[in-house]
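For reference, the structure discussed in these notes is given below.
All of the numbers you see were taken from the coordinates with simple rules; none came from a lab. On a predicted model such as this, the values are computed, not experimentally measured, just so you know. Every residue, glycine as well, gets a Cβ built from its backbone with ideal geometry; the counts of neighbours run over all protein chains shown.
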């Protein structure tokens, strides 16, 4: 059993604070940036001075998730990020080129490694436990989630802090556009969770996850979905809400229709709220737990009770992930 | 019952050879691979580096690869193919690849940036496989190992962490065959990055020496083929050794520096010993992380001394041969560790002359074989305090 | 020295400080301002970028960067003509 005991999100929405998602924010441009909090409750000014956005948002979201779970120090910290600390990487590269390799500031180089967020969290918490960072494009967060679930299964940890983090920059927008994704709104965010082997105050549990890499046919996805539901003793008609990582009707229909259900569960395209990025499924997980917790739902007819949520994210049709959430 | 994890295949490419046999010969002859930079132009060309002595064109030709790939991908495919080709698998097992890398496709991305920053019409195809995860996907597709693909980036401990994660997947029954290790190529980005930290030695590095002055950067790839008990049995494979223990911890001291008492390193090694149920006295050889920097070697040395007490096993840093291959170091040194077990040998720590004041032991200076090597420990410690240690047993 | 303090604040991104918050003799590292080894490297870069002074041995850092005053003295005596 994998219980979600604490959640937090910093995203292009008002996703932190007392009334999360109160007033939906729409993207005004191709670059959908986070609404950032005042970091002073969690990060010392001497520490924050070096932190680029991905690090600030990651550290703060981690602190918020731990606070909600009532945990001071997790047994393990596992993060997933697609592009890592891309702002620092491009800053160091740019200076390298402009200064012709002379008199280069070391700080952006030091902060550019993908594991910076996980290590900063460990440093601030003085957490010596298992510490891991995955960077597997559209499966970066799913890798982190799978590792965490295994740690709990192995009984190597009782509480694991996991997170999905990515940041958007002008350069990343240009690059993704060139590779054919010019219709997408490029987003960013940090979503963190405390996963535990005991429910404590959990609102939801992760009932299963499946990933399908470059499926040749949609039947490969539906077969994994059937497998996921069966293993979790759930029927498709029991799903109260589908969070879909696509606003494409064809994608939605290809998975729903093939399940032969008498009606289709309400679906919501979560990327309207967070934009497209490698670890957007982490935002979807946060949103799914929020739906279960608050029973609410932005801009759509509200289901009376949300007990089972299916997240399906077909990231650029290469990385398909399915996550099933159940209310505790 | 949990399966054991068997190493059945190896593949390595570095400054000291493109095969396991070439590598062994280099060790026997004390022939390091450090020398002047030739891969790209740089104002720092005087700094010694451990280049793989093959161009991208030659790599692609040898691999008969169509399409244009970055150097990291080519090196990775080279070593991973060698590893997998040495193992005969006939049944449809679940196969995955777990790779550690820090630079990804940076060798081409930095070329793109030169054009981009100059306002020229930049060639966007150069960044097609920039992401760490993309490199691993190219390797996975080449090997037909796409049932599980993971890329780990925990700085210099990346590929040990990949091997550890692969072991856990096999033990828990999620995977049958794993190609695990890592790859990194030399880039202007990392050369300048480490230079800005002032931890590069202008001469050939001297790991664990009292007068050491820093590290030399290297590149390469090292992969192991790991299988479960069932695969070993059903395919009648030969187990070279097993992965008997491991530890992944965080030093939580500073973003780049290791703690003076080496607490992260100590905890990682101790955790590896505990999970292997071995006593410190049973370790026959330690492949040290030993980068040659004042900070790492002191911190690691203190931790080793504390853990092993008066009887420190034979130990050496093979980075004195290959340079520091960053994310690939754990994978490359895992291959060296298995070689040590299989051939009953230990590798010298080149250019060591005087013992560090903080410790009572010195690394070995000579290649030795005809030894009874049963348990080898390999350490990898990275920026961000990521400390990992792994034990191979025969 | 006030100009140097501005440069230090800028180079080390000490946004929460003003030049008058840094004493001329105040220790910059360990105690006092509590800067670390990364800041020491950044100060080395500051010397090179702003004063054309190249420090090749980072071990010299603790002496030179003890305080703003020692830094200013070093710059005065080492700045190329």
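Its DSSP H runs of at least 4 residues, each contributing -39,500 (n - 2.57), put the calculated 222 nm mean residue ellipticity of chain A at -10000 deg cm²/dmol, to the nearest 500. Seen against the Cα atoms of chain A and their longest principal axis, helix A:116-125 is set at about 90 degrees.
Calculate, for residue B:372 and residue A:35, the FRET efficiency according to 1/(1 + (r/R0)^6) with r their C-beta to C-beta distance and R0 45 Å; round to the nearest 0.05. Numbers along the way, then the final one.
On the way: r = 63 Å, r/R0 = 1.40.
Given R0 = 45 Å and the Cβ-Cβ separation, E is 0.10.
Springs join every pair of Cα atoms under 10 Å in this Gaussian network model of chain B, and among B:62, B:137, B:219 the largest mean-square fluctuation is at B:62.
Going by C-beta contacts inside 10 Å, put B:260, A:217, B:131 in order with the fewest on the left.
Values: B:260 12, A:217 9, B:131 25.
Taking fewest neighbouring Cβ atoms as first place, the list is A:217, B:260, B:131.
The fewest-to-most ranking of A:186, B:324, B:82 by surrounding Cβ atoms within 10 Å reads B:82, A:186, B:324. Just checking the listed ones, B:90, B:329, B:299: in the Gaussian network model of chain B with Cα springs under 10 Å, the one fluctuating most is B:90.
Centroid-to-centroid, using Cα positions, the range B:193-264 and the range A:158-211 are 29 Å apart. Here the simple spin-label model places points 7 Å from the Cα toward Cβ, and for residue A:28 and residue A:249 these points are separated by 3.1 nm. Nearest 0.05, what FRET efficiency do residue A:328 and residue A:230 give at R0 = 30 Å with Cβ-Cβ as r? So, using R0 = 30 Å, E works out to roughly 0.90.
For the options A:198, A:144, A:291, a Gaussian network treatment of chain A with springs between C-alpha atoms closer than 10 Å singles out A:198 as fluctuating the most. For the segment C:28-41, counting C-beta atoms of other chains within 10 Å of every residue's C-beta and taking the mean gives 3. Counting only other chain Cβ atoms within 10 Å of each residue's Cβ, the peptide B:193-205 averages 4. Take every DSSP beta bridge whose two residues both sit in the range A:158-287; close to 65 percent of them are antiparallel. A simple packing score, the average count of other Cβ atoms within 10 Å per residue, orders the peptides A:14-21, A:190-197, A:165-172 as A:190-197, A:165-172, A:14-21, with the highest score first. Expressed as a fraction of 2.2 N^0.38 Å, the value expected for a compact globular protein of N residues, the C-alpha radius of gyration of chain B is 0.91. D for the range A:25-64, whole µm²/s, Stokes-Einstein with Kirkwood Rh over alpha-carbon pairs at 10 °C and 1.306 mPa s: what number? The Stokes-Einstein estimate is 140 µm²/s. By the helix-only formula, in which each DSSP H run with n ≥ 4 contributes -39500 (n - 2.57) and the sum is divided by residues, chain C has a 222 nm mean residue ellipticity of -14500 deg cm²/dmol.
Cβ neighbours within 10 Å, averaged per peptide: list B:284-292, A:148-156 in order, most packed at the top. Kindly include the intermediate steps, with their values, before the conclusion.
Details: B:284-292: 27.2, A:148-156: 18.1.
Output ranking for B:284-292, A:148-156: B:284-292, A:148-156.
A simple spin-label model places the labels of residue C:17 and residue B:210 3.7 nm from each other, with each point 7 Å out along Cα-to-Cβ. Considering all different alpha carbon pairs of the range B:22-150, the Kirkwood hydrodynamic radius works out to 16.8 Å.
Looking at the protein assembly as shown alone, DSSP beta bridges between its own residues are antiparallel in about 65 percent of cases. Using just its DSSP H runs of length 4 or more, each adding -39500 (n - 2.57), chain B gives a mean residue ellipticity at 222 nm of -10000 deg cm²/dmol after division by all residues. Of the peptides B:140-146, B:178-184, A:6-12, the ranking by mean beta-carbon count within 10 Å, highest at the top, reads B:178-184, A:6-12, B:140-146. Computed from label points 7 Å out along Cα-Cβ, the spacing between residue C:31 and residue B:310 is 4.1 nm.
First measure r as the distance between the Cβ atoms of residue A:293 and residue A:156, then evaluate 1/(1 + (r/R0)^6) with R0 = 30 Å and state the FRET efficiency to the nearest 0.05. Don't jump to the answer; show the numbers that get you there.
Values: r = 28 Å, r/R0 = 0.94.
Efficiency computed from Cβ-Cβ geometry: 0.60.
The spacing between the range A:97-156 and the range B:37-110, judged by their C-alpha centroids, is 23 Å. The mean count of C-beta atoms from other chains within 10 Å of the C-beta of residues in A:83-92, rounded to a whole number, is 3. Ranked for footprinting exposure by Cβ neighbours inside 10 Å, fewest first, B:345, B:205, B:241 give B:345, B:241, B:205.
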